[in-house]
1. Conditions: (1) more than 19 Å from the chain's Cα centre (by Cα); (2) surrounded by fewer than 22 Cβ atoms within 10 Å (Cβ to Cβ). Residue 302 meets all but one. Number of the miss?
2. For the stretch 64-85, indicate whether the set of residues that are of a type in the set (S, T, N, Q), surrounded by fewer than 23 Cβ atoms within 10 Å (Cβ to Cβ), in contact with a His (Cβ under 7 Å, 6 or more places away or on another chain) and not in a loop (DSSP other than H, G, I, E, B) is non-empty.
3. Give the residues of the stretch 176-212 that are over 26 Å from residue 294 (Cα atoms) and either small (Gly, Ala, Ser) or surrounded by 19 or more Cβ atoms within 10 Å (Cβ to Cβ) (or both), sorted by residue number.
4. Which ones in the stretch 91-129 are assigned to a strand (DSSP E or B) and among the hydroxyl-bearing types (Ser, Thr, Tyr)?
5. For the stretch 305-325, name all the residues that are surrounded by fewer than 18 Cβ atoms within 10 Å (Cβ to Cβ) and in a loop (DSSP other than H, G, I, E, B).
6. For the stretch 226-267, give me the residue count where each residue is part of a loop (DSSP other than H, G, I, E, B) and closer than 23 Å to residue 189 by Cβ.
7. Out of the strands (runs of 3 or more DSSP E) lying entirely within the stretch 137-176, which hold 3 or more residues that are within 15 Å of residue 337 (Cβ to Cβ)?
8. What residue, of 222, 215, 199, 226, is modelled with pLDDT of 95 or more and of a type in the set (Asp, Glu)?
Amino acid sequence: MRRRRFTRLQRFRVADARSTHARPRVAALCFTFVLLATGCAQQPVGSQPQSPAPGPMPEIDGSVPLPTGSAGSSAIDLSKIIPADPYGPPPGETWRGAFRIECDFSHMNYDDAIVFPGQPGRAHLHTYFGNTGADASSTAESIATSGNSTCEGGIANRSAYWVPAMIETGTGRPIAPTMIMTYYKTGFNPAISNADIQEIPPGLRMIAGDQTSDEPTMGAPEFSPERGTRRYFCKPSGASDVSIPNCGGGEQLTMAVSFPQCWDGENLDSDDHKGHMTYPHNSNGCPGSHPVVLPHITFNIRYDVPEGTDTSSWRLSSDMYPDAEPAGYSGHGDFFNGWDPSAQEQWLAACVTPGNSCG
């Protein structure tokens, strides 16, 4: 399959479902969506009060400043991400391609440029990685051209990655993560080959998971039927579950979120922020409605558990159900593509297309 290439000029020519004709519908849904889905029971100091959430969201101590992370880099260093000698399969074997990149924690805020564009303070508390300027006002243009990056390679990757904040409910304080490891892979569907993977279009936005979920399982069977789109792991104990397991002091908790990889080829976003993307269908690959195969993106957000503590009182800022239920069912992730097209082309050619393992 011939690879679809995008130039910076084409960045803003791909159909954008957040264009003027789509915004009135999104805006009309916002009030209902806040009441039924997100709410904003805890707001940063100085923000406008919002409608309370219907469920018991974790309380956040507003008297304590939110954690801040790396200031990022304004430089480009492809040597940090494009290996000179990619690690490939032994002779006679074939691997499914994989490219990995680490990004430090950047910042937290109550914004969501995908669900609530231009509406600061409207969302639950989020934790960000990558683009240091990501906030409610972020657009495809601003993500591509402004902000430092906390990722390896600097502003070769200005993508924004965000997830609901992790809260220590015993103190009401958000927990700063260690980092995020993001995988861009061929994926696991047998009908998809390394050569099928196309470049992620500039400005693409997508969400994986369901912030309203209060149950152990939910859609996206391609991450595996028993996993859904998110899962949690303790290392080194090996505990793993669809809810947050009790990791002991000195361990590391990982939250994994798996994204769809089949794009409709036209829209950078959609009214529900999911319809323009879908997961591969069983063993048949991408459906005709979403024929463009993109890298399978997986977030791995890592938190160090302090000695003498555990994660038994940790919950997500989006967990809007009784705290007697296991934490983490609402786990989800947001991705806003800000890769430099040339850099993305290089890691696809060096790692994913030939079936190498990089990073």
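1. (1)
2. no
3. 176, 177
4. 106, 127, 128
5. 306, 307, 308, 309, 312, 313, 322, 323, 324, 325, listed by residue number.
6. Final tally of qualifying residues: 12.
7. Result: 160-164.
8. After ruling out the rest, the residue left standing is 199.
The values are calculated or read from the model by the stated rules, or taken from the named source; none is laboratory data. The shown structure was predicted, so the numbers you read here are calculated from the model rather than taken from an experiment. Note that each Cβ is placed from the backbone with ideal geometry, even for glycine, and that neighbours are counted across all protein chains shown.
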